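Everything on this sheet refers to the single structure shown next.
The values are calculated or read from the model by the stated rules, or taken from the named source; none is laboratory data. All values reported here derive from a predicted model rather than from experimental measurement. Note that each Cβ is placed from the backbone with ideal geometry, even for glycine, and that neighbours are counted across all protein chains shown. Accessible surface areas use protein heavy atoms only, side chains included; no ligands, DNA or RNA. Shrake-Rupley method; radii C 1.70, N 1.55, O 1.52, S 1.80 Å.
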Amino acid sequence: MNRILLMPSLSASLFYKEINLLQPISFDKVFQFDKFNQLCSGFVQLGQYSDLSNQTRVLEMQKGSGRKWTLERDLDQLREHSKGEFDEHEVIRIVGKNPFLWHDHWPVKDYAKVFECLVLIDEIGQEADRVVSRIRAVGRETQSNSESMELDNNDSSSFQPLPYVAVHMRVEIDWMIHCKKLEQRLNTNQICSSKKEIMERVSNIKGLKTPSVVYLAVADKLLQNSSVLEGWEEGFLPYEKNKLGVDGIYKKYPYLIQSAIDYEVCLRADIFVGNSFSTFSTLIVLERTQKMITMGINMCGKDVRWPSYAYNIQQGESNGPMRWVTNMSHSTLQEISYGTNHIISC
(Lines give C-alpha, C1' and ligand atoms only; values in the text may rest on other atoms or scores of the structure.)
Protein backbone atom coordinates (compact mmCIF):
# COMPACT_ATOMS: atom_id res chain seq x y z
CA MET A 1 0.00 0.00 0.00
CA ASN A 2 3.08 2.22 0.16
CA ARG A 3 2.07 3.51 3.58
CA ILE A 4 3.85 4.08 6.87
CA LEU A 5 2.84 1.85 9.79
CA LEU A 6 1.80 3.98 12.75
CA MET A 7 3.86 3.01 15.78
CA PRO A 8 2.04 0.20 17.58
CA SER A 9 1.56 -0.39 21.27
CA LEU A 10 2.75 -3.71 22.65
CA SER A 11 0.76 -5.73 25.15
CA ALA A 12 1.08 -9.00 27.01
CA SER A 13 -1.21 -11.87 26.05
CA LEU A 14 -2.21 -13.86 29.11
CA PHE A 15 -4.95 -16.43 29.46
CA TYR A 16 -4.99 -16.03 33.21
CA LYS A 17 -6.20 -12.46 33.43
CA GLU A 18 -3.94 -10.65 35.86
CA ILE A 19 -5.15 -7.21 34.82
CA ASN A 20 -2.17 -5.41 36.36
CA LEU A 21 0.17 -7.36 34.05
CA LEU A 22 -1.64 -6.46 30.83
CA GLN A 23 -0.85 -2.75 30.53
CA PRO A 24 0.18 -1.85 26.94
CA ILE A 25 3.54 -0.20 26.33
CA SER A 26 4.55 2.03 23.44
CA PHE A 27 6.85 0.39 20.87
CA ASP A 28 9.60 2.97 21.42
CA LYS A 29 9.72 2.16 25.14
CA VAL A 30 11.05 -1.28 24.21
CA PHE A 31 12.74 -0.96 20.80
CA GLN A 32 14.81 1.79 19.18
CA PHE A 33 12.42 3.65 16.87
CA ASP A 34 14.96 5.33 14.56
CA LYS A 35 17.13 2.21 14.42
CA PHE A 36 14.14 0.18 13.28
CA ASN A 37 13.46 2.56 10.39
CA GLN A 38 17.14 2.59 9.47
CA LEU A 39 17.49 -1.20 9.39
CA CYS A 40 14.11 -1.85 7.76
CA SER A 41 14.43 0.88 5.13
CA GLY A 42 12.80 -0.28 1.90
CA PHE A 43 10.78 -2.96 3.71
CA VAL A 44 8.63 -1.26 6.36
CA GLN A 45 8.72 2.14 8.09
CA LEU A 46 7.16 3.37 11.32
CA GLY A 47 5.55 6.75 11.91
CA GLN A 48 4.42 8.70 14.99
CA TYR A 49 0.78 9.53 15.72
CA SER A 50 1.95 13.05 16.55
CA ASP A 51 2.87 13.51 12.88
CA LEU A 52 -0.77 13.19 11.76
CA SER A 53 -2.69 16.30 10.80
CA ASN A 54 -6.03 14.68 11.72
CA GLN A 55 -6.19 11.68 14.05
CA THR A 56 -9.98 11.36 13.96
CA ARG A 57 -10.62 11.05 10.21
CA VAL A 58 -9.79 7.36 9.78
CA LEU A 59 -10.96 4.94 7.09
CA GLU A 60 -11.52 1.41 8.38
CA MET A 61 -10.67 -1.48 6.08
CA GLN A 62 -12.30 -4.73 7.17
CA LYS A 63 -10.25 -7.82 6.42
CA GLY A 64 -12.05 -11.00 5.44
CA SER A 65 -11.89 -14.36 7.19
CA GLY A 66 -12.50 -18.02 6.56
CA ARG A 67 -11.46 -20.28 3.72
CA LYS A 68 -12.89 -17.97 1.08
CA TRP A 69 -10.47 -15.23 2.13
CA THR A 70 -7.68 -16.36 -0.16
CA LEU A 71 -4.22 -14.94 -0.66
CA GLU A 72 -5.38 -13.40 -3.95
CA ARG A 73 -8.41 -11.69 -2.41
CA ASP A 74 -6.29 -10.39 0.43
CA LEU A 75 -3.72 -8.90 -1.95
CA ASP A 76 -6.39 -7.45 -4.27
CA GLN A 77 -8.00 -5.61 -1.36
CA LEU A 78 -4.69 -4.12 -0.29
CA ARG A 79 -3.96 -2.94 -3.83
CA GLU A 80 -7.45 -1.48 -4.21
CA HIS A 81 -6.99 0.58 -1.05
CA SER A 82 -3.72 2.01 -2.32
CA LYS A 83 -5.29 4.11 -5.09
CA GLY A 84 -8.18 6.41 -6.00
CA GLU A 85 -10.43 7.76 -3.25
CA PHE A 86 -8.91 5.42 -0.68
CA ASP A 87 -5.50 6.95 -1.15
CA GLU A 88 -6.92 10.35 -0.17
CA HIS A 89 -7.32 9.20 3.44
CA GLU A 90 -4.38 10.06 5.65
CA VAL A 91 -4.99 7.03 7.87
CA ILE A 92 -6.37 3.59 7.08
CA ARG A 93 -7.08 1.30 10.02
CA ILE A 94 -7.02 -2.38 9.10
CA VAL A 95 -9.38 -4.37 11.31
CA GLY A 96 -10.36 -8.00 11.58
CA LYS A 97 -8.99 -11.29 12.89
CA ASN A 98 -5.18 -11.31 12.57
CA PRO A 99 -5.26 -8.54 9.91
CA PHE A 100 -1.48 -8.41 9.48
CA LEU A 101 -0.62 -11.96 10.47
CA TRP A 102 -3.11 -13.87 8.35
CA HIS A 103 -1.01 -16.99 8.61
CA ASP A 104 -1.64 -18.38 5.12
CA HIS A 105 -0.50 -15.18 3.41
CA TRP A 106 2.92 -14.34 4.82
CA PRO A 107 6.15 -16.28 4.20
CA VAL A 108 8.45 -16.89 7.16
CA LYS A 109 11.46 -15.22 5.51
CA ASP A 110 9.57 -11.92 5.21
CA TYR A 111 8.40 -12.11 8.81
CA ALA A 112 11.98 -12.84 9.94
CA LYS A 113 13.21 -9.60 8.31
CA VAL A 114 11.35 -7.60 10.95
CA PHE A 115 13.35 -9.21 13.75
CA GLU A 116 16.60 -8.03 12.19
CA CYS A 117 15.31 -4.48 12.67
CA LEU A 118 14.27 -4.84 16.31
CA VAL A 119 16.97 -3.47 18.61
CA LEU A 120 16.22 -3.07 22.31
CA ILE A 121 16.57 0.41 23.77
CA ASP A 122 19.86 0.86 25.61
CA GLU A 123 18.31 0.64 29.08
CA ILE A 124 16.68 -2.76 28.50
CA GLY A 125 19.68 -4.09 26.57
CA GLN A 126 21.97 -3.14 29.45
CA GLU A 127 19.69 -4.87 31.96
CA ALA A 128 19.84 -8.04 29.85
CA ASP A 129 23.65 -7.66 29.78
CA ARG A 130 23.68 -7.62 33.59
CA VAL A 131 21.58 -10.79 33.84
CA VAL A 132 23.72 -12.65 31.28
CA SER A 133 26.91 -11.46 33.01
CA ARG A 134 25.62 -12.82 36.31
CA ILE A 135 24.81 -16.19 34.72
CA ARG A 136 28.30 -16.32 33.18
CA ALA A 137 29.83 -15.38 36.53
CA VAL A 138 28.08 -18.31 38.21
CA GLY A 139 29.48 -20.54 35.48
CA ARG A 140 33.01 -19.22 36.05
CA GLU A 141 32.72 -19.74 39.80
CA THR A 142 31.55 -23.32 39.29
CA GLN A 143 34.29 -23.94 36.74
CA SER A 144 36.92 -22.47 39.06
CA ASN A 145 35.83 -24.80 41.86
CA SER A 146 35.97 -27.79 39.50
CA GLU A 147 39.44 -26.82 38.27
CA SER A 148 40.84 -26.43 41.79
CA MET A 149 39.75 -29.97 42.57
CA GLU A 150 41.51 -31.38 39.49
CA LEU A 151 44.66 -29.27 39.30
CA ASP A 152 46.84 -32.23 40.25
CA ASN A 153 45.79 -34.13 37.11
CA ASN A 154 44.94 -31.48 34.54
CA ASP A 155 46.18 -28.25 33.07
CA SER A 156 43.62 -25.65 34.18
CA SER A 157 44.19 -23.61 31.02
CA SER A 158 42.54 -26.38 29.00
CA PHE A 159 39.14 -25.87 30.64
CA GLN A 160 36.42 -24.22 28.56
CA PRO A 161 33.87 -21.78 30.04
CA LEU A 162 30.71 -23.48 31.21
CA PRO A 163 27.82 -23.14 28.75
CA TYR A 164 24.53 -21.88 30.06
CA VAL A 165 21.25 -23.48 29.16
CA ALA A 166 18.16 -21.25 29.09
CA VAL A 167 14.88 -23.09 29.67
CA HIS A 168 11.59 -21.36 28.96
CA MET A 169 9.89 -23.27 31.77
CA ARG A 170 6.23 -22.84 30.89
CA VAL A 171 4.52 -24.18 34.00
CA GLU A 172 2.75 -21.02 35.17
CA ILE A 173 -0.98 -21.04 35.88
CA ASP A 174 -1.98 -19.03 32.77
CA TRP A 175 -0.21 -21.55 30.52
CA MET A 176 -1.49 -24.68 32.28
CA ILE A 177 -5.09 -23.48 31.92
CA HIS A 178 -4.60 -22.76 28.23
CA CYS A 179 -2.53 -25.80 27.27
CA LYS A 180 -4.86 -28.35 28.88
CA LYS A 181 -7.80 -26.93 26.91
CA LEU A 182 -5.69 -26.92 23.76
CA GLU A 183 -4.65 -30.56 24.26
CA GLN A 184 -8.29 -31.55 24.59
CA ARG A 185 -9.26 -29.67 21.46
CA LEU A 186 -6.38 -31.01 19.37
CA ASN A 187 -6.47 -34.50 20.89
CA THR A 188 -2.76 -34.55 21.72
CA ASN A 189 -0.52 -34.87 24.77
CA GLN A 190 2.43 -32.94 23.33
CA ILE A 191 1.64 -29.42 24.54
CA CYS A 192 1.63 -29.36 28.34
CA SER A 193 4.78 -30.46 30.14
CA SER A 194 5.16 -30.90 33.88
CA LYS A 195 8.18 -29.64 35.79
CA LYS A 196 9.37 -33.25 36.15
CA GLU A 197 9.09 -33.90 32.39
CA ILE A 198 10.98 -30.71 31.54
CA MET A 199 13.81 -31.57 33.94
CA GLU A 200 14.10 -35.10 32.54
CA ARG A 201 14.18 -33.89 28.93
CA VAL A 202 16.83 -31.23 29.65
CA SER A 203 19.02 -33.73 31.51
CA ASN A 204 18.85 -36.05 28.49
CA ILE A 205 20.09 -33.54 25.89
CA LYS A 206 22.60 -35.51 23.86
CA GLY A 207 26.18 -34.32 24.29
CA LEU A 208 25.41 -31.79 27.04
CA LYS A 209 28.31 -31.80 29.46
CA THR A 210 27.97 -31.21 33.18
CA PRO A 211 28.24 -29.21 35.28
CA SER A 212 25.93 -26.82 33.40
CA VAL A 213 24.23 -23.66 34.58
CA VAL A 214 20.49 -23.75 33.81
CA TYR A 215 18.65 -20.41 33.74
CA LEU A 216 14.90 -20.84 34.20
CA ALA A 217 12.91 -18.18 32.35
CA VAL A 218 9.67 -18.26 34.26
CA ALA A 219 7.02 -15.67 35.18
CA ASP A 220 7.41 -15.72 38.96
CA LYS A 221 4.16 -13.83 39.57
CA LEU A 222 2.16 -16.56 37.80
CA LEU A 223 3.78 -19.53 39.55
CA GLN A 224 1.56 -21.52 41.90
CA ASN A 225 4.59 -22.75 43.85
CA SER A 226 8.32 -22.03 43.95
CA SER A 227 9.65 -25.57 43.54
CA VAL A 228 11.14 -25.10 40.05
CA LEU A 229 14.66 -25.29 41.53
CA GLU A 230 14.08 -28.65 43.18
CA GLY A 231 14.61 -32.13 41.75
CA TRP A 232 17.29 -31.44 39.13
CA GLU A 233 19.86 -34.15 38.48
CA GLU A 234 23.39 -33.79 39.80
CA GLY A 235 25.51 -31.59 37.56
CA PHE A 236 22.62 -29.31 36.57
CA LEU A 237 22.73 -26.01 38.44
CA PRO A 238 19.29 -24.36 38.19
CA TYR A 239 18.89 -20.62 38.76
CA GLU A 240 15.92 -18.33 38.52
CA LYS A 241 15.83 -14.58 39.10
CA ASN A 242 15.81 -14.68 42.90
CA LYS A 243 18.56 -17.28 43.37
CA LEU A 244 20.65 -15.54 40.71
CA GLY A 245 20.33 -12.28 42.61
CA VAL A 246 18.84 -10.31 39.72
CA ASP A 247 15.21 -10.12 40.86
CA GLY A 248 15.80 -6.46 41.72
CA ILE A 249 16.49 -5.75 38.04
CA TYR A 250 13.18 -7.25 36.96
CA LYS A 251 11.07 -5.72 39.74
CA LYS A 252 11.83 -2.24 38.43
CA TYR A 253 9.81 -2.89 35.28
CA PRO A 254 6.28 -3.89 34.22
CA TYR A 255 5.56 -7.46 33.13
CA LEU A 256 6.12 -6.82 29.41
CA ILE A 257 9.60 -5.36 29.97
CA GLN A 258 10.48 -8.28 32.24
CA SER A 259 9.51 -10.58 29.37
CA ALA A 260 11.69 -8.59 26.96
CA ILE A 261 14.71 -9.01 29.25
CA ASP A 262 14.08 -12.75 29.61
CA TYR A 263 13.65 -13.05 25.84
CA GLU A 264 17.08 -11.50 25.29
CA VAL A 265 18.67 -13.73 27.95
CA CYS A 266 17.22 -16.84 26.28
CA LEU A 267 18.24 -15.59 22.83
CA ARG A 268 21.90 -15.33 23.89
CA ALA A 269 22.04 -18.73 25.64
CA ASP A 270 24.48 -21.40 24.46
CA ILE A 271 21.55 -23.83 24.45
CA PHE A 272 17.85 -22.93 24.45
CA VAL A 273 15.02 -25.29 25.43
CA GLY A 274 11.41 -24.19 25.02
CA ASN A 275 7.87 -25.27 24.17
CA SER A 276 6.93 -25.44 20.48
CA PHE A 277 3.38 -24.26 21.25
CA SER A 278 4.63 -21.08 22.94
CA THR A 279 4.97 -17.94 20.81
CA PHE A 280 7.78 -16.74 23.10
CA SER A 281 9.80 -19.94 22.53
CA THR A 282 8.97 -20.10 18.84
CA LEU A 283 10.20 -16.58 18.10
CA ILE A 284 13.43 -17.18 20.01
CA VAL A 285 14.09 -20.25 17.84
CA LEU A 286 13.24 -18.19 14.74
CA GLU A 287 15.86 -15.57 15.67
CA ARG A 288 18.47 -18.16 16.60
CA THR A 289 17.90 -19.96 13.29
CA GLN A 290 18.19 -16.68 11.38
CA LYS A 291 21.41 -15.89 13.24
CA MET A 292 22.96 -19.24 12.29
CA ILE A 293 21.95 -18.81 8.66
CA THR A 294 23.42 -15.29 8.54
CA MET A 295 26.71 -16.53 10.02
CA GLY A 296 26.85 -19.53 7.69
CA ILE A 297 26.70 -22.07 10.53
CA ASN A 298 25.69 -25.66 9.78
CA MET A 299 22.51 -26.01 11.81
CA CYS A 300 22.55 -29.79 11.80
CA GLY A 301 26.23 -30.44 12.51
CA LYS A 302 27.49 -32.60 15.35
CA ASP A 303 28.75 -29.70 17.49
CA VAL A 304 26.41 -26.96 16.25
CA ARG A 305 26.55 -23.57 17.98
CA TRP A 306 23.39 -22.24 19.63
CA PRO A 307 21.23 -25.39 19.34
CA SER A 308 17.58 -25.16 20.34
CA TYR A 309 15.22 -27.89 21.58
CA ALA A 310 11.50 -28.41 22.23
CA TYR A 311 10.96 -30.14 25.57
CA ASN A 312 7.30 -30.92 24.85
CA ILE A 313 8.34 -33.34 22.09
CA GLN A 314 10.40 -36.44 22.86
CA GLN A 315 13.43 -37.28 20.70
CA GLY A 316 13.37 -41.03 19.94
CA GLU A 317 14.07 -43.48 22.74
CA SER A 318 16.42 -41.19 24.68
CA ASN A 319 13.61 -39.23 26.37
CA GLY A 320 15.51 -36.09 25.40
CA PRO A 321 13.94 -33.00 23.82
CA MET A 322 13.55 -32.70 20.04
CA ARG A 323 16.15 -30.58 18.20
CA TRP A 324 14.40 -27.52 16.81
CA VAL A 325 15.14 -25.14 13.95
CA THR A 326 12.72 -22.88 12.07
CA ASN A 327 11.79 -23.74 8.50
CA MET A 328 12.76 -20.39 6.97
CA SER A 329 11.55 -21.46 3.52
CA HIS A 330 7.99 -22.10 4.71
CA SER A 331 5.44 -20.17 2.66
CA THR A 332 3.15 -19.36 5.60
CA LEU A 333 3.32 -18.35 9.25
CA GLN A 334 1.11 -21.24 10.35
CA GLU A 335 3.98 -23.13 11.94
CA ILE A 336 5.35 -20.25 13.98
CA SER A 337 2.26 -18.19 14.86
CA TYR A 338 -0.07 -20.78 16.27
CA GLY A 339 2.14 -23.51 17.75
CA THR A 340 2.83 -26.99 16.44
CA ASN A 341 4.37 -30.34 17.28
CA HIS A 342 5.53 -30.75 13.65
CA ILE A 343 8.88 -29.01 14.01
CA ILE A 344 11.99 -29.28 11.87
CA SER A 345 14.62 -31.37 13.59
CA CYS A 346 18.17 -32.36 12.79
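Before moving on, here are some points about what is shown:
- Under-5 Å amide H pairs with F31, H placed in peptide plane, nonlocal only: I121
- The mean accessible area for residues of region 5-100, using a 1.4 Å probe and ignoring ligands and nucleic acids, is 68 Å² per residue.
- Only protein heavy atoms count here; under a 1.4 Å probe, W232 has an accessible surface of about 30 Å².
- A cut-off of 5 Å between modelled amide H atoms, ignoring neighbours fewer than 5 places along the same chain, links H105 with L333.
- Long-range HN-HN contacts of I94 with modeled amide H, under 5 Å: M61
- Shape of region 5-100, Cα gyration tensor, a/c cut at 1.5: oblate
- For the peptides 125-138, 41-54, the ranking by mean Cβ contacts within 10 Å, running from highest to lowest, is 125-138, 41-54.
- Solvent-accessible surface (1.4 Å probe) assigned to S26 amounts to roughly 40 Å².
- Residue by residue, region 240-252 carries 3J(HN,Hα) couplings of 10, 4, 5, 5, 6, x, 10, 4, x, 5, 5, 5, 6 Hz when phi is fed to the Karplus relation 6.51 cos²θ - 1.76 cosθ + 1.60 (θ = phi - 60°); x denotes Gly or Pro.
- With both labels modelled 7 Å from their Cα along Cα-to-Cβ, the A137 to L186 distance reads 4.0 nm.
- For the cross-link pairs K29/K113; K196/K243; K63/K291; K181/K206; K63/K83; K68/K97, the ones whose C-alpha atoms lie over 24 Å apart are K63/K291; K181/K206.
- Region 5-100, relative contact order in percent, only Cα pairs under 8 angstrom and at least six apart counted: 26 percent
- Full extension of the segment from N204 to Q23, taken as 0.36 nm per residue of separation minus the current Cα-Cα distance, would add 61.3 nm.
- Of the residues K251, K113, ranked by 1.4 Å probe accessible area with the largest first, the sequence reads K251, K113.
- Residue order by solvent-accessible surface for M176, M199, M169 is M176, M199, M169, largest first, with ligands and nucleic acids left out and a 1.4 Å probe.
- For R170, the accessible surface of its heavy atoms amounts to roughly 30 Å² (probe 1.4 Å, protein chains only, rounded to the nearest 10).
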